[in-house]
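Scroll down for the structure; my scribbles are underneath it.
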Amino acid sequence: MELTHVADSGRWLAVNDEIQIGELIYQVEDNVMTISHAEVEPFYRGNKIAEELVLAAIRQARENAWKVVPACSFAKTVFERYPGEQDVLA
């Protein structure tokens, strides 16, 4: 599985054997990234794929000096699991 960033549409994709199995959707406005959706195909759930997508978005925000608003409930959960990432919270 690999993570692919599609910057022009504000998405991170999880791809397995050239098939999209997960997606994270975000928007950036005024240096604030809002993570609005993270989802993984049911067959692949439980493998921390959505967590990896959220962490990739957090790394991207940190690299760009953006703050993050976790608008989707799963993104909020990831921030709770990883207190060391909370420095980027808006």
key: Selected from Ala50, Ala65, Ala14 as most flexible by GNM, with the chain as the system and alpha-carbon contacts under 10 Å   = Ala65
query = Based on the Kirkwood radius over alpha-carbon pairs, what is the Stokes-Einstein translational diffusion coefficient of segment 18-63 at 25 °C with 0.890 mPa s viscosity, in µm²/s?
reply = 216 µm²/s
ask   = Which one of Ser36, Ala57, Tyr82 has its Cα pushed farthest toward the positive end of the charge dipole of the chain, where Lys and Arg give +1 and Asp and Glu give -1 at the Cβ?
value = Tyr82
query = Taking K and R as +1 and D and E as -1, what net charge do the other residues with C-beta under 11 Å from the C-beta of Ala38 add up to?
reply = -2
ask   = Leu24: net charge of surrounding residues, Cβ under 10 Å, Lys/Arg +1, Asp/Glu -1, itself excluded?
value = -2
note = Listed residues Ile35, Ile19, Ile49; largest mean-square fluctuation, Gaussian network over the chain with Cα springs below 10 Å, found at Ile19
Between 0 and 90°, nearest 10: helix 49-63 axis offset from the chain longest Cα axis = 30 degrees
task = Calculate for the chain the 222 nm mean residue ellipticity that helices alone would give, adding -39,500 (n - 2.57) per DSSP H run of length 4 or more and normalising by residue count, nearest 500 deg cm²/dmol.
result = -8500 deg cm²/dmol
note = Taking placed amide H atoms and a strict 5 Å upper bound, the residues 5 or more places from Val68 or on another chain that come that close are Met33, Leu89, Ala90
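Where does segment 2-88 land on the Kirkwood hydrodynamic radius, alpha-carbon pairs, in angstrom?
Result for segment 2-88, one decimal place: 12.9 Å.
A short reminder: the numbers here are calculations on the coordinates, not readings from a lab. Fair warning: this is a prediction, and the values are worked out from it, not measured in the lab. Glycine also receives a Cβ, built like all others from the backbone with ideal geometry; neighbour counts cover every protein chain displayed.
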